[in-house]
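The values are calculated or read from the model by the stated rules, or taken from the named source; none is laboratory data. As the structure is a prediction and not an experimental result, all values here were calculated from the model. Here the Cβ positions follow ideal geometry from the backbone for every residue, glycine too, while neighbour counts run over all protein chains shown.
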Amino acid sequence: MTTNIKNISIVKQKSSRDDLTMRVCMILIGLFLAIAILLPLYTMLSKSLENKEGAFIGISNYVEYFSTPSLFLSAYNSILLSAIGTIILLLVTFIYAYALTRTQMPFKWFFKIIAIIPLLTPSMLGGISLVYWFGNQGVAKGLLMGESIYGPIGIVMGSVYWVFPHALMIIITALSITDARLYEAAVALRTSKIKTFFMVTIPSCKFGLISAGFVVFILIFTDFGVPKVIGGMYNMLATDIYKQVIGQQNFQMGAVVAVVLLIPAIIAFSVDRFVQRKQVALLSASAVPYEPKKNKGLDLTMLMFCSFIAFLIICMIGMAQYAALIKFWPYNLSFTLDNFNFDLIEGGGWSSYFNSIRLSIYTALIGSIIIFFGAYLVEKGRGFSFGRNVFHAIAMIPLAVPGMALGLAYIFFFNNPNNPLNFLYGTMGILVISTITHFYTVSHLTATTALKQMDPEFESVSASLKTPFFRSFQKITAPICMPAILDISVYLFLNAMTTVSAVVFLYSTNTRLASIAVLNMDDQGELAMAAAMAMMIAYTCGGVRILHAIGTHNILGKTQRWRSK
Amino acid sequence: MHHENAQPYLQIRNLTKKFGEFIALKDISIDIIENEFVCFLGPSGCGKTTLLRVIAGLDIQTYGSIIQAGKDISSLPPSERDFGIVFQSYALFPNLTITRNVAVGLENVGMPAPKVQHRVDELLELVGLVDQKDKYPAQLSGGQQQRVALARAMAISPGLLLLDEPLSALDAKVRSRLRHEIKELQRKFAVTTIMVTHDQEEALTMADRIVVMDNGIIEQVGKPEEIYRSPKTKFVADFVGTMNFLSATIVSNGTAKVGDVVLTCDTEDLPVGSSVMVAIRPEEINARNITNSDSNIVQIEVLHIEFLGSFCRVKLGGGDLKDVSLRADFSISLTRLLSIKVGLKLKVSLPSKLIRIYLTD
């Protein structure tokens, strides 16, 4: 130590023009996120503390809420049914995922495809099918032994159906990341199969199971479609918001219910994030993938189990398809395409289907560009780590916000005549913004993961070669991450096609959507037409999934030369 | 290559780098001459890579300054500095062909397409990969990829070439071949080069000068022979090459006592009674034709023999040294000549000029 450190000032690196441009871009996208998520949520929170005249009344609304048994009861109902649904789903999906990842069961590809089906339909479709199976004129009504499908039983069944693929994806991932060496070690130490299962398998996917549990819970807890269609008189939080706002025009109480819905979701979300961070630490770079061995007994048992689950899924979608194609259940079972004549009734119409297509295309295109570019700026930006961390934190919020709460928050925020963005209200624009925001987090995480897998030194090399950032983004980052970008756009497309929860508050007569039309048709007792419209959504989503598979295959094929060793 | 009176190309002054509480670099100062090949050598975590990244501007120092070609670059972002860089991971753009990879930097400085093509061909010619130019990086071997990375870094003729463990990901044979190739290319390009490595053999064979680092400070700077023959600190003596360390006490000016044996050596004016380490390299221990004119003759016994291919590492102890032992490297022919086997008693000489003394810490 020869110099006097005290006299030397800390060196601050100058920012290059690229650094500044990237920061400006990131701040712009960050501002978009703040306007699309933070401000509306803030407006909703303050609404819940106001009376009908708009005066601040503190927590009086909450006191009223919790002292009104009928309102409070729905919170209890929501928690109870979500818990039951979560337990059922964890058990079923764990076995299903285990069969797909850890056995040599035949026809895995078939079971993988079947498991995706519920993702392609709005959550209401399960409810509609259940009505046909177990409703007042249902085919299999007798199986319920006198119980009504309209209520908790129907809600749990419908929820389990549409949440199944979500849970399955998480658990499959958790089961796929085990190190085969651990099993070889267990065998070498002569550990019994059952002991190995509890000593190696369960601990290694413990965090995945916990994470799946929370995700499933939030999905059921905040879902609107299933209880709306099959809930009958049984009150849930999500349907309560709808009733308070659309039925009674009581916006303040709607805001209170939305906040009550928001809090458990945020808690569950935070715990999940915490758990997931632990999961990453379990993975070592030297892990070897597990290759399941043949085991006749196990493979056959699993085949039977998966066939049964696949049968149930096919029954659900099959019944909706059947219902869409027959004249008048249960009296005239001849086939017809009349149910696709959507223009015959109010609140539906083919225009709503095409609106949905427009919304999905806009959301997929604009959304994947904004989200991927935003994730790129956060991941690959230099310096300004405060701003990057804030951006990342804001991008995490939408996952914790239930669609119903988001939609209501948008009413409060955008419908305010004093808001300069008021012109968006009732347009396709607000539907696109709300849908991008609603599904921002998962897409952002997909993009971040893909970006993290790239060699961090690409940026260093690009800087030394004086490559402007937009050039390296366009020539290098985007092409390498193209599969992830396609994944994001398809994810956004499918969700925009099937979502109801946020948009149910935001559509206007000109921007009615197919999923909303399903709700309206169901409301008007046009169940067959609702089934037909739900199936239109399913065909479209199925078609897009196939196109995506072909597209990804082609891209990988084209780039195979540089991807393969 | 080390021109004492030349104007330094890179002047690093009082660099300190903190990561939170952790100090990665402590007050580092060093000059690098134009066209010189310098290696930063040290164990992992010693700060060598941090120092390289600070020079590139990929990390920014907390204190201190860097002057390159007379220009203060201390606070410039990497894109405004003049360097080419090669990483251990190659970091070739996987979706661009070899040609396009090398061309990127040239296109960025606005070179017209025909000239770019000409320059790319010239560079690929130099690294011997012209016939691979339309392939993608994943289709090349590791060694070939690293040569492409080198060509890409040199394309824009940077004033400074930075190599971050460029050979560490390669297997042994390719590594030793690439050593010579890189060194050759560096001479042809006549570019000032800094290479970070933890491999002492790499540093000794390639560098004009070696900077040995540990714990964020520079332990010694010198030519490879200097570093190897006269390590200034115990750390350098231990890290570079193999060294016997024997606990000893200074008994007079010019002698130190190990066990019962008094060895003559340069005691560097250390006071009598100081606890020191006597250090000698295994290959300097002499067992051939020992006569009374040899210094420090010790009667000793063979305890263990380790066969290492071209030579044997022999563990010697007992005799005059009692329970102190040391390793000696004997060539195969010497082993044969002396019929070295466990239990053999022999005389060896520890040449006093080759003994170094370090204070015990």
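Exactly one of these conditions fails for A:Tyr234: (1) part of a helix (DSSP H, G or I); (2) modelled with pLDDT of 90 or more. Give me its number.
Single failed check for A:Tyr234: (1).
Out of everything in region B:57-81 that is touching an Asp or Glu at 6+ places or on another chain (Cβ under 7 Å) and at the interface with chain A (Cβ under 10 Å from one of its Cβ atoms), what residue ends up being surrounded by the fewest Cβ atoms within 10 Å (Cβ to Cβ)?
B:Ser65
Could you tell me whether B:Lys257 is of a type in the set (D, E, K, R), closer than 27 Å to B:Thr50 by Cβ and in contact with a strand residue (DSSP E or B) (Cβ under 9 Å, 6 or more places away or on another chain)?
Considered against the rule, which asks whether it is of a type in the set (D, E, K, R), closer than 27 Å to B:Thr50 by Cβ and in contact with a strand residue (DSSP E or B) (Cβ under 9 Å, 6 or more places away or on another chain), B:Lys257 comes out as no.
Filter region B:124-153 for residues that are away from chain A (no Cβ under 13 Å), under 26 Å from the mean Cα position of the chain (by Cα) and not in a helix (DSSP H, G or I) and give the result.
B:Val127
Please verify whether region A:440-460 includes one or more residues that are in contact with a Phe, Trp or Tyr (Cβ under 9 Å, 6 or more places away or on another chain), without any contact (Cβ under 8 Å) to a residue 40 or more places away in the chain, assigned to a helix (DSSP H, G or I) and more than 30 Å from B:Glu107 (Cβ to Cβ).
The answer is no; no qualifying residue exists.
Just checking, does region B:34-56 include any residue being at pLDDT 95 or above, in contact with a helix residue (DSSP H, G or I) (Cβ under 6 Å, 6 or more places away or on another chain), within 11 Å of chain A (Cβ to nearest Cβ) and within 29 Å of B:Thr205 (Cα to Cα)?
The answer is yes, given that some residue of region B:34-56 is at pLDDT 95 or above, in contact with a helix residue (DSSP H, G or I) (Cβ under 6 Å, 6 or more places away or on another chain), within 11 Å of chain A (Cβ to nearest Cβ) and within 29 Å of B:Thr205 (Cα to Cα).
Any residue in region A:454-466 that is more than 10 Å from every other protein chain (Cβ to nearest Cβ) and hydrophobic (A, V, I, L, M, F, W, C)?
No, region A:454-466 contains no residue that is more than 10 Å from every other protein chain (Cβ to nearest Cβ) and hydrophobic (A, V, I, L, M, F, W, C).
When you look at A:Thr511, is it crowded, with 20+ Cβ neighbours inside 10 Å, away from every other protein chain (no Cβ under 14 Å), in contact (Cβ under 8 Å) with a residue 24 or more places away in the chain and β-branched (Val, Ile, Thr), yes or no?
yes
For region A:88-121, which residues satisfy the criterion of being surrounded by 14 or more Cβ atoms within 10 Å (Cβ to Cβ), over 14 Å from A:Ile171 (Cβ atoms) and within 19 Å of the chain's Cα centre (by Cα)?
Listed by number, the residues that qualify are A:Ile114, A:Ile116, A:Ile117, A:Pro118, A:Leu119, A:Leu120, A:Thr121.
Could you tell me whether B:Pro94 is touching a residue at least 40 places away in the same chain (Cβ under 8 Å), crowded, with 18+ Cβ neighbours inside 10 Å, within 12 Å of chain A (Cβ to nearest Cβ) and closer than 19 Å to A:Lys466 by Cα?
Considered against the rule, which asks whether it is touching a residue at least 40 places away in the same chain (Cβ under 8 Å), crowded, with 18+ Cβ neighbours inside 10 Å, within 12 Å of chain A (Cβ to nearest Cβ) and closer than 19 Å to A:Lys466 by Cα, B:Pro94 comes out as yes.
Exactly one condition in (1) touching a Pro at 6+ places or on another chain (Cβ under 6 Å); (2) closer than 25 Å to A:Leu399 by Cβ is not met by A:Trp562; state its number.
(2)
Please go through region B:154-192 and pick out each residue that is assigned to a helix (DSSP H, G or I), in contact (Cβ under 8 Å) with a residue 40 or more places away in the chain and charged (D, E, K, R).
Residues satisfying the conditions are B:Glu181, B:Lys183, B:Lys188.
Could you tell me which numbered condition B:Asp31 fails, if it satisfies all but one of (1) more than 7 Å from chain A (Cβ to nearest Cβ); (2) part of a loop (DSSP other than H, G, I, E, B); (3) more than 30 Å from B:Ala138 (Cα to Cα)?
Evaluating B:Asp31 over (1) more than 7 Å from chain A (Cβ to nearest Cβ); (2) part of a loop (DSSP other than H, G, I, E, B); (3) more than 30 Å from B:Ala138 (Cα to Cα) leaves (2) as the failure.
Looking only at residues that are more than 14 Å from the chain's Cα centre (by Cα) and part of a loop (DSSP other than H, G, I, E, B) in region B:206-241, which one is surrounded by the fewest Cβ atoms within 10 Å (Cβ to Cβ)?
Filtering first and then ranking leaves B:Ser230.
Identify all residues within region B:269-292 that are within 15 Å of B:Arg356 (Cβ to Cβ) and surrounded by 14 or more Cβ atoms within 10 Å (Cβ to Cβ); write none if there are none.
Of everything in region B:269-292, those that are within 15 Å of B:Arg356 (Cβ to Cβ) and surrounded by 14 or more Cβ atoms within 10 Å (Cβ to Cβ) turn out to be B:Leu270, B:Ser274, B:Val276, B:Met277, B:Val278, B:Ala279, B:Ile280, B:Arg281, B:Pro282, B:Glu283, B:Glu284, B:Ile285.
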